Amino acid sequence: MTGNKLLKTVLGTLILPFCAQAQQNLTQYVNPFIGSADHGHVFVGANVPLGAVQLGPTQIPQIWDKFNGWDWCSGYNYKSQEILGFTHTHLSGTGIGDLNDLMIVPANGKLQLTPAEFNKMNTGYGSSFKKENEVAKPGFYSAYLDDYQVQANLTATERVGYHQYRYEKTDNAHILVDLGYHINWDKPTDTYIKQVNDSTFVGYRFSTGWATDQKLYFAIRTSQPIKKVRFFNGKEEKLGQTTFKGQAIKAALFFDAVKNKTIELKVGISPVSSTNALNNINAEIPGWNFEKVKQDADQRWNKTLNKIQFEADKDTKTIFYTALYHTYFAPTIFNDANGDYLGTDKQVYEKQDFVNHTVFSLWDTYRGLHPLMTILEDRKINQDFIKTMLAIYQQQGKLPMWHLQGNETNTMVGLPAIPVIADAFLKGIIDEKDYTLMWEAVKTTAMGNDHGLKYARELTYIPIDSMPNESVAWALEYAIADFGAYKIAEKLGKTEDAAYFKKRYKLYEQYFDKEVGHFVGKKANGEFRRPFDPLMAKHRENDYCEGNAWQYTWLVPQDVKGLINLFGGEEKFLKKLDYFTTMSSDLGGEASPDISGLIGQYAQGNEPNHHIPYLYAYAGQPWKGAALVRKAMTEFYTNSPAGLCGNDDVGQMSAWYVFSAMRFCPLNAMSGVYVLGSPMMQHANINLPNGKTLAIDVKNQGKANQYIKSIKLNGKPYAKTFITHAQLLAGGQMEIEMSATPNKNFGKNKADWPSNIDNN
């Protein structure tokens, strides 16, 4: 047997057990309360991966604190000890509140029609609860409502919420359906409910808010007959009918809790019609078996979590799997079981051949969450994301920015759909039949006029005379998107377009003020902004978005070599980067609360900084980046309700942790290059959608051992400080040896730097 054959045989023997490893029970390592306190804003409740229904508790936003209710954007905060009721849609980790649609209250005693006031539960509906009687697991939520003496259990499928309520107090037992309830910006505009029979109700709730024209249709089925129904519009009772329409319709459903103390509800939702909502119930939960639906939800989460089998100490393992869990909250399904969905143009599209999605927080998620999906999910799901974006383009004339429940919110900066599309295209995920539409959508969107884009189109800078705030942030994000357009055009053989967008992605250079060493706003006459304070971080009152000049100095992931040249070479670049990560963290008293998780001025809590630790690999000192990554992971991600240092931003904060804990991260989300950092596990299997497995063994893992000493890939020494997407998908085995002291020779050679391939 030759040496090569022997090596392959040995490796095959080593890898085979990992490929054959049975599915593990990984939901036990998820702590859904991580990030539910302080500013994490995560959803807590019952859902399945990417499910349209996110069924969970809704609480009283504490608008009298210094954040004016901001920490209740999801409807829930761990520090609260009351529950108003349970709603079917939530946002997770956002900085803006919306949804919490279709309020269900399992109540008894005096009928209350309005939500209770904080610390005054007798003023309306809702109940206090004890934290020790609250349980949250993937696909399941439960709490004991003390004031009602009701045990509430919740689970869900993709489009149906399943409620189970056990009444110990049976006096005047009822279910309140409040279509008028709203939080934060949301406000109902039209509501409707119809009693079909003694156990079926249908209706809709239309509202305006962050999603300015939201339409939610619903159907409710009860497990036992409803003996009496009282209908209200606001507080005004409506008599003599079974169908009611108004701005804030409510229905109180009374049942015989003495005869049967447990009542169950199946609540289907649809963006199209109540008929479809009812059909969603029939398709997803035809029978009455709460435990089976709960178990099915757990199995679905286990299947998803087993895409990565990660071995570490218990806390690290819990943080990791909770982060992975959070990355599967969105983009949520936004169609019915039959394929119907509501477009951005408010037209119904029937029986589509792709699964339509919504909740695209693209300014956040293009950096890490979507690249993670290209590793873990099969082509179909990633194609569905792209097909949804292309459909949105056809309906509204541009690609989405922040798409919510069939609405374009135009939130945040840049053209963040383009990097997602470019990444998928360059990785061979997009169907060839979609290439023409894809390029049309990318080019049309990139050639728009809004938010200073006309200046980029003319290959110049956005003057602060026309955009007094955020001009640099918009420009830097445009340049990132333009790199994506350039790479797409290049691969499609569109030489002229490629040459044009190659110039555009370099426009960031025009904002570099050599006098101060930062990207600075620029007047139409060519003068940079003066006076200039690189630390000024007042929200939307500087040239940046949720950040300051120091934090935006590094936002050139598409051209790190070019950025280094602006600083005058690697040595000066490293010196400034070192200073940035060790300087004072003081932001002044008026800084945006989004700037959080500070190490020096590095802000782990906000997305424009997520790539920064990995920049060190582009200048021959990856060990410094490893130390920074390890510090961020251990200090800002903990197994506690306050375990996130900022908004989870629809899973992007969590996606960064999943990548970084696995020891690699996409600095440039469109390059197919993952820069190595500091792994947190002893062993991991990445079970790839192509059926292969990448097994990673880490020797000498420990709190003090944060530096990579050496790497072997498939038994051979590996000196590069990056791994490509193609290498990852090939599977195999990687061995990493860690050390308490940096190996300064690892990654020293320029041939081993990621810059050799990632923007070529």
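The values are calculated or read from the model by the stated rules, or taken from the named source; none is laboratory data. This one's a predicted model, so the numbers in the text were calculated from it and none came from an experiment. Because the Cβ atoms are built from the backbone with ideal geometry, glycine has one as well, and the counts that use them run over all protein chains shown.
Per-structure values
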read-out	value
Unique match (being of a type in the set (S, T, N, Q), farther than 26 Å from Ile381 by Cβ and not in a loop (DSSP other than H, G, I, E, B)) among Ser660, Ser755, Ser654	Ser755
Single residue of the stretch 172-216 satisfying the filter (touching a Phe, Trp or Tyr at 6+ places or on another chain (Cβ under 6 Å) and of a type in the set (Ser, Thr, Tyr)) that is farthest from Cys73 (Cα to Cα)	Tyr192
Pairs, first farther than 16 Å from Trp623 by Cβ in the stretch 687-709, second modelled with pLDDT under 95 and surrounded by fewer than 20 Cβ atoms within 10 Å (Cβ to Cβ), C-beta under 6 Å, six or more apart	Pro689/Asp378; Thr693/Cys19; Ala695/Ile15
Identity of the residue in the stretch 608-631, hydroxyl-bearing (Ser, Thr, Tyr) and touching a Gly at 6+ places or on another chain (Cβ under 9 Å), that ends up surrounded by the fewest Cβ atoms within 10 Å (Cβ to Cβ)	Tyr616
Matching helices (runs of 4 or more DSSP H) fully within the stretch 244-340 where at least 2 residues are assigned by TED's automatic domain parsing to the domain that holds Thr94 and either over 29 Å from the mean Cα position of the chain (by Cα) or surrounded by 20 or more Cβ atoms within 10 Å (Cβ to Cβ) (or both)	274-284, 290-305
Qualifying residues in the stretch 363-380 (those that are out of contact with any helix residue (DSSP H, G or I) (no Cβ under 6 Å at 6 or more places or on another chain) and assigned to a loop (DSSP other than H, G, I, E, B)) - the one modelled with the highest pLDDT	Glu377
All helices (runs of 4 or more DSSP H) inside the stretch 420-496 with 2 or more residues being of a type in the set (Ser, Thr, Tyr)	435-446, 471-492
Selection within the stretch 437-466 - over 20 Å from Arg529 (Cα atoms) and buried (at least 21 other Cβ atoms within 10 Å of the Cβ)	Met438, Ala441, Val442, Thr445, Ala446
Any hit, the stretch 584-594, residues being out of contact with any Cys (no Cβ under 9 Å at 6 or more places or on another chain), of a type in the set (D, E, K, R), assigned to a loop (DSSP other than H, G, I, E, B) and farther than 28 Å from Ala661 by Cβ	yes
Number of positions in the stretch 58-97 that are touching a residue at least 60 places away in the same chain (Cβ under 8 Å), of a type outside the set (Val, Ile, Thr) and touching a strand residue (DSSP E or B) at 6+ places or on another chain (Cβ under 6 Å)	5
Answer residue from the stretch 90-100, given it is buried (at least 24 other Cβ atoms within 10 Å of the Cβ) and of a type outside the set (Gly, Ala, Ser) and is farthest from Asp178 (Cα to Cα) among those	Thr94
Answer from Lys169, Lys120, Lys131 - the residue that is in the same structural domain as Tyr217 (by TED's automatic domain parsing) and without any contact (Cβ under 8 Å) to a residue 24 or more places away in the chain	Lys120
Residue within the stretch 47-58 that is part of a helix (DSSP H, G or I), crowded, with 18+ Cβ neighbours inside 10 Å, at pLDDT 95 or above and under 20 Å from the mean Cα position of the chain (by Cα) present	no
Condition met for Pro679 (touching a residue at least 40 places away in the same chain (Cβ under 8 Å) and crowded, with 20+ Cβ neighbours inside 10 Å)	yes
Total residues in the stretch 467-511, condition free of Cβ contacts under 8 Å to residues at least 40 places away in the same chain and β-branched (Val, Ile, Thr)	1
Condition check for Val196: surrounded by fewer than 16 Cβ atoms within 10 Å (Cβ to Cβ), closer than 29 Å to Phe334 by Cα and modelled with pLDDT of 95 or more	yes
Some residue of the stretch 350-362 being closer than 21 Å to Glu408 by Cβ and part of a helix (DSSP H, G or I)	yes
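Residues checked against (1) touching a strand residue (DSSP E or B) at 6+ places or on another chain (Cβ under 8 Å); (2) over 14 Å from Ile612 (Cβ atoms); (3) outside the structural domain of Gly620 (by TED's automatic domain parsing):
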| position | (1), (2), (3) |
| --- | --- |
| Lys523 | yes, yes, no |
| Ala537 | yes, yes, no |
| Glu541 | no, yes, no |
| Gln551 | yes, no, no |
| Trp554 | no, no, no |
| Leu566 | yes, yes, no |
| Glu570 | no, yes, no |
| Leu598 | no, no, no |
